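What follows is calculated from the coordinates using simple rules that are stated; it is not laboratory data. Note that the structure is a prediction, hence the values are computed from the model and not measured. Cβ atoms come from the backbone with ideal geometry, glycine included; neighbour counts cover every protein chain shown.
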């Protein structure tokens, strides 16, 4: 029987097949509050995977091309095959499309688990015609995790032609499926449109413990001042791990350019981005 009430199914990806400092920090942080299974959608060597051996039940890395849900499926199947799902009160599906946690995550986990719903997304994305739990950090209770219909959903995840199809079939699909099976879901933070990517400072000040990696490349660097603020106010260990990994992913020169304290830089970048978007360049 596990000593932890939480199981984290963590989906990762790195085009170089490495377990970088930010992912090690993420896994180590999660392991303080639950058991972790890591599945990388990347070909990772044993020496790379050994970096996180002390913090995981198991970790495997082979390119499968099924995005985060394909990794969730494989981690879930491992838990199913080893008959451990019933050991946990909550199962989390989380991925490394974010950097963090930026501060102690325990209060966030407790908030998600104390919602009067069967599932809770850290962020609930709200659009004009629909809303859904963003799939990068979702908590489900034992009722869902051990149900036949959830098993069928996970087992039927297959490779799709593009990420948009994955979003519609599996991200939107999971939220719909939960309600269709007489269960409920909620979101801890409500975001509109692309606010998860475009408003990292607001989310951080609201208490959200993560920033999206995509924020680092959006709008011609116009979000750089927000990222600079977040990284200047987060946990120092998180800051160092994030900068190390971001330098490796985007280059040190780019990160130095992006994270400028110059208050005029984002204005200039925003104007350039607007012009490029208007002219379609």
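Give me 39, 234 ranked fewest to most by other Cβ atoms within 10 Å of their Cβ, as a rough exposure proxy.
Numbers: 39 27, 234 19.
Going from least to most buried by this count: 234, 39.
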Quiz prompt | Angle between the chain longest axis and helix 67-81 axis [Cα atoms, degrees, rounded to 10] | solution = 30
Self-check item: DSSP-defined antiparallel bridges as percent of all bridges, the chain, nearest 5
Solution: 35
Quiz item: Hey, how many Å between the Cα centroid of the range 49-63 and the Cα centroid of the range 220-235?
Solution: 30
Quiz item: How large is Rg over Rh for the range 183-274, taking Rg from the Cα atoms and Rh as the Kirkwood inverse mean of 1/r across Cα pairs?
Solution: 1.00
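I'd like the projected area of the range 9-162, averaged over all directions, using the convex hull of its alpha carbons. Report it in nm² with one decimal.
It is 9.8 nm².
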Quiz item: Could you give the angle, 0 to 90 degrees to the nearest 10, between helix 21-31's Cα long axis and the longest principal axis of the Cα atoms of the chain?
Solution: 40
Quiz item: For a paramagnetic label modelled at 7 Å from the Cα of residue 229 toward its Cβ, which residues of the range 242-281 fall within the zone defined by backbone nitrogen distances under 18 Å?
Solution: 258-271
Quiz item: If one takes the longest principal axis of the Cα atoms in the chain, at what angle in degrees, from 0 to 90 and to the nearest 10, does the Cα axis of helix 265-279 lie?
Solution: 80
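Per DSSP H run of at least 4 residues, take -39500 (n - 2.57); add these up for the chain, divide by its residues and hand me the 222 nm value, nearest 500 deg cm²/dmol. Could you put the intermediate results ahead of the total?
On the way: 14 runs with 120 residues, N = 281.
Counting only the DSSP helices, I get -12000 deg cm²/dmol.
Once you have the Cα-Cα distance between residue 195 and residue 127, take 0.36 nm times their residue separation minus that, and quote the gain in nm to one decimal. Display every interim value, and only then the final one.
Numbers: separation 68, 0.36 × 68 = 24.48 nm, distance 1.10 nm.
So the chain would gain 23.4 nm between residue 195 and residue 127.
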